[in-house]
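A.B. asks: Below is a structure I'd like to ask you about.
The values are calculated or read from the model by the stated rules, or taken from the named source; none is laboratory data. Given the structure is predicted, the values throughout are model-derived calculations rather than measurements. Backbone-built Cβ (ideal geometry, glycine too); neighbour counts: all protein chains shown. SASA here: full protein model, heavy atoms, side chains in, ligands and nucleic acids out. Shrake-Rupley method; radii C 1.70, N 1.55, O 1.52, S 1.80 Å.
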Amino acid sequence: IQLLVVSSGGFSSPFLILFYLFILGLSLLIRLRTAMLFLIFSVALLFANLFTTTEIINLFRQDPATALLYIISFLTVIPLSVFLRKTYSFQNTVSSLLARHVQLAERREELIMVKLDELIIVTDPSLNIVSANEAVERALQSPLSNIVNKPLLETVHLENSDGKPASSTSLSIDQALSTKTTHLIEGFSLYYQTS
């Protein structure tokens, strides 16, 4: 970037904005100290380049306000970099706190599921078992590893009061998926197949 700016005119280069963008990027992604070192070396390089270009020196002599504006622009990038670095760190802190909060909530939910005596089975929309609690393992007399990723209606055998096996239609699964609300269905019992 320094080579590009110096070779394309130094202070009058159309790529001078890349200095500022690169400094901001360095302060956000790497370290603020690295960004400040880049700024110092870049400004030193630009002022060293002044002695080889008489046009810019003449411009600064005719209009000292231009030189002052360049100096101010280099100085304003410092607090901006510091501000962005602190904001970025703040965002990291907030995101890590939120992630920890979500993990704690998931852990609490797992603990609640483990302690319940009711059968709790979580499925995907295709009715494949994603998760289940210990009560399901005890009722089916099968470890969780044999239950997960299996079809619900092939793993958990339910029958209605007439002795007919449950199906996705009799359990109103399509209706529950389309309305995305809770449906209470009564009249089904868990039965065990003996081999």
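A.B. asks: Treat every Asp and Glu Cβ in region 68-195 as -1 and every Lys and Arg Cβ as +1, leave all other atoms uncharged, and give the resulting dipole magnitude about the Cα centre to the nearest 20 debye.
C.D. replies: Values: 10 positive and 13 negative charges, 190 e Å.
With Lys and Arg at +1 and Asp and Glu at -1, about 920 debye.
A.B. asks: Note the listed values (i) 15.4; (ii) 19.3; (iii) 12.3, then indicate which one is mean projected area of the Cα convex hull in nm² calculated from this particular structure.
C.D. replies: Step by step, mean projected area of the Cα convex hull in nm² for this structure corresponds to label (ii).
A.B. asks: Let me ask something additional. What do you reckon, how do ILE112, ILE173, ILE121 stack up by accessible area (1.4 Å probe), largest on top? Display every interim value, and only then the final one.
C.D. replies: Numbers: ILE112 105, ILE173 35, ILE121 55 Å².
Per-residue accessible area, sorted high to low, gives ILE112, ILE121, ILE173.
A.B. asks: Moving to a separate point now. Which value in deg cm²/dmol, rounded to the nearest 500, describes the helix-derived mean residue ellipticity at 222 nm for the chain, given -39,500 (n - 2.57) per DSSP H run of n ≥ 4 and division by the residue count? Write out the running numbers ahead of the final one.
C.D. replies: On the way: 9 runs with 121 residues, N = 195.
When only DSSP H runs of four or more count, the value is -20000 deg cm²/dmol.
A.B. asks: Continuing with the same structure: How do the peptides 98-107, 75-84 rank, highest first, by the average count of neighbouring beta carbon atoms within 10 Å per residue? It would help to have the intermediate numbers written out before the result.
C.D. replies: Numbers: 98-107: 10.0, 75-84: 14.0.
Packing proxy ranking, top to bottom: 75-84, 98-107.
A.B. asks: Add +1 for every Lys or Arg and -1 for every Asp or Glu among the other residues with Cβ under 13 Å from the Cβ of LEU26, and state the total.
C.D. replies: So the environment of LEU26 carries a net charge of +3.
A.B. asks: Just flag the chymotrypsin sites (Phe, Trp or Tyr not before Pro) in region 100-195 sitting in loop per DSSP whose Cβ has no more than 15 other Cβ atoms within 10 Å. List each step's numbers first, then the result.
C.D. replies: Numbers: sites: PHE188, TYR191, TYR192; in loops: TYR191, TYR192.
The qualifying sites are TYR191, TYR192.
A.B. asks: Residues with beta-carbon under 15 Å from that of SER167, excluding SER167: net charge, scoring Lys, Arg +1 and Asp, Glu -1? Show your work: numbers first, answer last.
C.D. replies: On the way: positive: LYS164; negative: GLU154, GLU159, ASP162, ASP174.
Net charge in that neighbourhood comes out at -3.
A.B. asks: Run the Debye formula on the Cα coordinates of region 86-195, all scatterers equal and no solvent, and tell me log10 I(q)/I(0) at q = 0.11, 0.23, 0.24 1/Å.
C.D. replies: -0.49, -1.37, -1.42
A.B. asks: Please list, or write none, the aspartates and glutamates whose alpha carbon is within less than 12 Å of the alpha carbon of LYS150, excluding same-chain residues fewer than 8 places away.
C.D. replies: Within the straight-line limit of under 12 Å, LYS150 reaches these aspartates and glutamates: ASP124.
A.B. asks: Give me, ordered by chain and number, the residues 5 or more places off ALA132 or on other chains with an amide H under 5 Å from its own placed amide H.
C.D. replies: For ALA132, whose amide H was placed from the backbone, the distant partners under 5 Å are VAL122.
A.B. asks: Another one. Principal axes first, then extents: for the Cα atoms of region 64-151, list largest minus smallest coordinate on each axis, whole Å, largest first.
C.D. replies: Over region 64-151, Cα extents along the principal axes are 87, 27, 17 Å.
A.B. asks: Per the Kirkwood definition applied to all pairs of different Cα atoms, how many angstroms is the hydrodynamic radius of region 130-195?
C.D. replies: On the way: mean 1/r = 0.0758 Å⁻¹.
Evaluated over region 130-195, this radius sits at 13.2 Å.
A.B. asks: For the chain, calculate the relative contact order in percent as a whole number, restricting contacts to Cα pairs under 8 Å that are 6 or more residues apart.
C.D. replies: Numbers: 156 pairs, mean separation 22.9, N = 195.
Contact order relative to length: 12 percent.
A.B. asks: Given a cut-off of 21 Å, what percent of all Cα-Cα pairs of region 1-94 lie beyond it?
C.D. replies: Working: 1573 of 4371 pairs.
Of the Cα pairs, 36 percent sit more than 21 Å apart.
A.B. asks: Choose one of ILE17, TYR88, GLN103: the residue whose Cα lies farthest towards the positive end of the charge dipole of region 1-111 (beta-carbon charges +1 Lys, Arg; -1 Asp, Glu; about the Cα centre).
C.D. replies: Toward the positive end, the furthest listed residue is GLN103.
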